[in-house]
1. Identify, from the list Trp333, Trp401, the residue that is at pLDDT 95 or above, crowded, with 16+ Cβ neighbours inside 10 Å and outside any loop (DSSP other than H, G, I, E, B).
2. Name the residue, out of Phe356, Phe361, that is among the aromatic types (Phe, Trp, Tyr), farther than 24 Å from Ser96 by Cα and either in contact with a helix residue (DSSP H, G or I) (Cβ under 6 Å, 6 or more places away or on another chain) or outside any helix (DSSP H, G or I) (or both).
3. Pick from Gln39, Gln65: which is closer than 25 Å to Gly95 by Cα and open to solvent by 50 Å² or more (accessible area, probe 1.4 Å)?
4. How many residues, within the stretch 318-340, are touching a residue at least 40 places away in the same chain (Cβ under 8 Å) and within 25 Å of Arg197 (Cβ to Cβ)?
5. Tell me yes or no: at least one residue of the stretch 233-241 is outside any loop (DSSP other than H, G, I, E, B), on the phi < 0 side of the Ramachandran plot and in contact (Cβ under 8 Å) with a residue 24 or more places away in the chain.
6. With surrounded by fewer than 18 Cβ atoms within 10 Å (Cβ to Cβ), aliphatic (A, V, I, L, M) and either in contact (Cβ under 8 Å) with a residue 60 or more places away in the chain or in a helix (DSSP H, G or I) (or both) as the only criterion, which of Leu276, Leu315 stands out?
7. Return the residues of the stretch 91-135 that are crowded, with 20+ Cβ neighbours inside 10 Å, assigned to a loop (DSSP other than H, G, I, E, B) and hydrophobic (A, V, I, L, M, F, W, C); say none if nothing qualifies.
8. Take the conditions more than 22 Å from Val427 (Cα to Cα), surrounded by fewer than 24 Cβ atoms within 10 Å (Cβ to Cβ) and hydroxyl-bearing (Ser, Thr, Tyr) and apply them to Thr143. Does it pass?
Amino acid sequence: MSDELSTWVGATARDIARVVRRGDASATQVVADHLDYIQAHDAVVNAFRVVRAAAAATEAEAVDQQEDLANLPLAGVPIAVKENTPVAGVPTWYGSAAVRRDVAEADHEVVRRLRGAGAVVVGTSRMPEMGLWALTDDETAVTRNPWRTDRTPGGSSGGAAAAVAAGLVPIAHGNDGLGSVRIPAACCGLVGIKPGRGVVPAHMPVDDWFGMTEHGILATTVADAHTGLSVLAGWAPARLAEPDRLRVAVSGRSPVLGVRADKPARDALRSAARLLVGAGHDAVGASPRYPSGLGLKGLATWFAAAYRDIETSGLDPAELQPRSRRHAAMGEWAWRRGLVREQDRADWRASCEEWFASGRFDVLLTPALASTPPAALDWHARPWRANFLACLRYAPFAAPWNVAGFPAMVVPMGVRPDGLPVGVQLVGPPGSELTLLGLAGQFEEASPWLRHAPGWPRRQGVGATITS
């Protein structure tokens, strides 16, 4: 960290944890710096639903009072937790007041693991209603992309991505049911990783969205993403190793018929392929066999997830946003007609396993997004069709890997002509999380990216008094 900085805002999670473990900085000071900064600047991006100022300060003091910090990989690291994941003492929001639950009595398991690693939860990050959209807004605020505040940070972990890209926190928790970590990471120029099924306890309503939802990490560096995922997964601390020579399938083919990656996304894919070759890997043009019915079945599952959440939680659909009501009504129609079947998901997973197990490919490389992120608007007040088409057109590449339950991550790969970041997606077979992270580390070394949005963190205003 530069001696010119008077605050720990903008430092990586790994650097913060290292100095706190050594005693060169206190968790109390690190967290105070970030709370001051959040108060001064979150109003620009609206990343947080709840800021736990007093509670976070107390918990930071408790970290400093621990006798042995050596085994805390996130010692003193401020972190945001997505608002649909219970944090003790805070209401559990699901993107709107209509879906808000009472104050949580206990932490979710992933929050417990983060705290156990020394992290301090400074607040909960915003998401769209029920996590249904790749756009983050509700009646109280529009969450904005720090790269360009007229653009969305994506969704559904949009608040998490905005917080990290703006330097409000060095690392954030998110969860990903159909791309909800990777899409915001791509929108905001971050590393975002979704592990494979069963690596991290999910425990999300309802039935983890038919088993598709996983908890993941958004970070500015591969090392921070690795540390965060290791904590969530309960892995022993280990150095991330460079992978052996890999055979990588490079595919620009969209899983959604009629949607095609634009030129900046295709250029980023070609750049990533060249970097792979330069790192000693083989890059071969090839695409998975996306079944003709995969898109329709995936859409039916997306719809039905909303219906099942409402049905099992006893929510009154009349209180929901119109876009969510329409989405759930279509889900009820699909569910009652038997269009959402576990066998279809199992068949796709088996097909993907066979494709990787053939020995031809170790990793799949695709664009992260098909086009630039949509505008930051009051999408919740717009018709369902507008929301549906906006999400489908710009973010088609993530969802198949939730259906399959395979690990996948997004890595930054430059900047679009419009000034927004562009990225690529890495996908691997079950158990390949460390391989993907190692490959992403080679991208980072060969072509370092901006860790934060241009102009962030904003040094002016830091040091303002935080109030509880």
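The values are calculated or read from the model by the stated rules, or taken from the named source; none is laboratory data. None of the values given here were measured: they were computed from a predicted structure. Note that we place each Cβ from the backbone using ideal geometry, even for glycine, and neighbour counts take in every protein chain shown. For the accessible areas, the whole protein counts, side chains as well, though only heavy atoms, and no ligand, DNA or RNA atoms are used. Shrake-Rupley method; radii C 1.70, N 1.55, O 1.52, S 1.80 Å.
1. Details: Trp333 fails: crowded, with 16+ Cβ neighbours inside 10 Å.
On inspection, the qualifying residue turns out to be Trp401.
2. On the way: Phe356 fails: either in contact with a helix residue (DSSP H, G or I) (Cβ under 6 Å, 6 or more places away or on another chain) or outside any helix (DSSP H, G or I) (or both).
Answer to the selection: Phe361.
3. Details: Gln65 fails: closer than 25 Å to Gly95 by Cα.
None of the others qualify; the one that does is Gln39.
4. The number of residues fulfilling the criteria is 3.
5. Within the stretch 233-241, the first condition is being outside any loop (DSSP other than H, G, I, E, B), and the residues that meet it are 233.
From what is left, the residues that are on the phi < 0 side of the Ramachandran plot are 233.
Keeping just the survivors that are in contact (Cβ under 8 Å) with a residue 24 or more places away in the chain gives 233.
Within the stretch 233-241, one or more residues are outside any loop (DSSP other than H, G, I, E, B), on the phi < 0 side of the Ramachandran plot and in contact (Cβ under 8 Å) with a residue 24 or more places away in the chain.
6. On the way: Leu276 fails: surrounded by fewer than 18 Cβ atoms within 10 Å (Cβ to Cβ).
None of the other options fit; the residue is Leu315.
7. Once the filter is applied, which keeps residues that are crowded, with 20+ Cβ neighbours inside 10 Å, assigned to a loop (DSSP other than H, G, I, E, B) and hydrophobic (A, V, I, L, M, F, W, C), the stretch 91-135 yields Trp93, Ala117, Ala119, Met127, Leu132, Trp133, Ala134, Leu135.
8. Working: more than 22 Å from Val427 (Cα to Cα): yes; surrounded by fewer than 24 Cβ atoms within 10 Å (Cβ to Cβ): no; hydroxyl-bearing (Ser, Thr, Tyr): yes.
Against the criterion (more than 22 Å from Val427 (Cα to Cα), surrounded by fewer than 24 Cβ atoms within 10 Å (Cβ to Cβ) and hydroxyl-bearing (Ser, Thr, Tyr)), Thr143 does not qualify.
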